[in-house]
Structures are given as C-alpha cells and as structure tokens.
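Here the structure is laid out as structure tokens; the discussion comes afterwards.
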Amino acid sequence: MSVLFIAEINDITDPVAYAEYGRLAQPIIRAHGGRYLVRGGAPRAILGDWAPTRLIVIEFDSEAQARACFESPEYLAIAPLRERATRSHATLVDPYDGE
C-alpha cells in the first residue's frame, strides 16, 4: 500500500541553504521511488489559521520505501541543511482508499 510523506516547512531562515537542500534531496527521493505531488506553492488557509510557508507531499509505494529514503546515508548527510535553514515537521499518512 502506498504512503504519503507530508512536510510542513516554516520559518525559512536561510533560503540559500534550503534551496541547496532541495536541489540535493530531489534525486535522493526519486532514487527511492518517491513521486512529488506537491512541492512548495503558496499555501492559502481556508479553514482555521494554518499558514505553512511551504508544503511538500511525496508518494511512495510503501512505508518501508519512504523510511528507507529518509533513513538513508545519502539523505541523512543533507538533512542538517534543512534543519539549519528551516523549522519543519513531517509525517507519513495512508492515502484515501475509497472506503
């Protein structure tokens, strides 16, 4: 069963480092089978006051595949760029199965 990785990116304090992270993360995510569904955009709140700066949604074929990506040595080597440049949160969720 596929899984969605959803990240909320806020307070981008170092846009240069964050851009470098994004450039380096894309091929790692794609190499692990990740497919970007949402990458950035300009989120606009319609319910409540949730106002992330950026949203990232990536689909993987399985949770194991997603975890392998974000626990890989390649990803862990670049994660400090994101950690230093932003305040962010991420989660894995199951997609709607039609039931």
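Side notes on the structure shown:
- Residue within region 38-55 that is without any contact (Cβ under 8 Å) to a residue 60 or more places away in the chain and in a helix (DSSP H, G or I) present: no
- Test for Ala64: is it without any contact (Cβ under 8 Å) to a residue 60 or more places away in the chain and out of contact with any His (no Cβ under 8 Å at 6 or more places or on another chain): yes
- Filtered by the rule that a residue be closer than 22 Å to Phe60 by Cα and loosely packed, with under 12 Cβ neighbours inside 10 Å, region 13-30 gives Arg23, Pro27.
- Scanning region 77-96 for residues that are among the acidic types (Asp, Glu) and closer than 17 Å to Ala66 by Cβ turns up just one, Asp94.
- Restricting attention to region 51-77, the residues that are farther than 17 Å from Arg35 by Cβ and open to solvent by 40 Å² or more (accessible area, probe 1.4 Å) total 8.
- Looking only at residues in region 78-99 that are open to solvent by 30 Å² or more (accessible area, probe 1.4 Å) and among the hydroxyl-bearing types (Ser, Thr, Tyr), the one that is nearest to Val57 (Cα to Cα) is Thr91.
- The numbered conditions (1) in contact with a Leu (Cβ under 7 Å, 6 or more places away or on another chain); (2) charged (D, E, K, R); (3) assigned to a strand (DSSP E or B) are all true for Glu20 except (3).
The values are calculated or read from the model by the stated rules, or taken from the named source; none is laboratory data. Computed from a prediction, not measured in an experiment: that's the story for all the values here. Cβ sites come from the backbone with ideal geometry, for glycine too, and all protein chains shown count toward neighbours. Note: accessible area is taken over every heavy atom of the protein model, side chains too, but ligands, DNA and RNA are not part of it. Shrake-Rupley method; radii C 1.70, N 1.55, O 1.52, S 1.80 Å.
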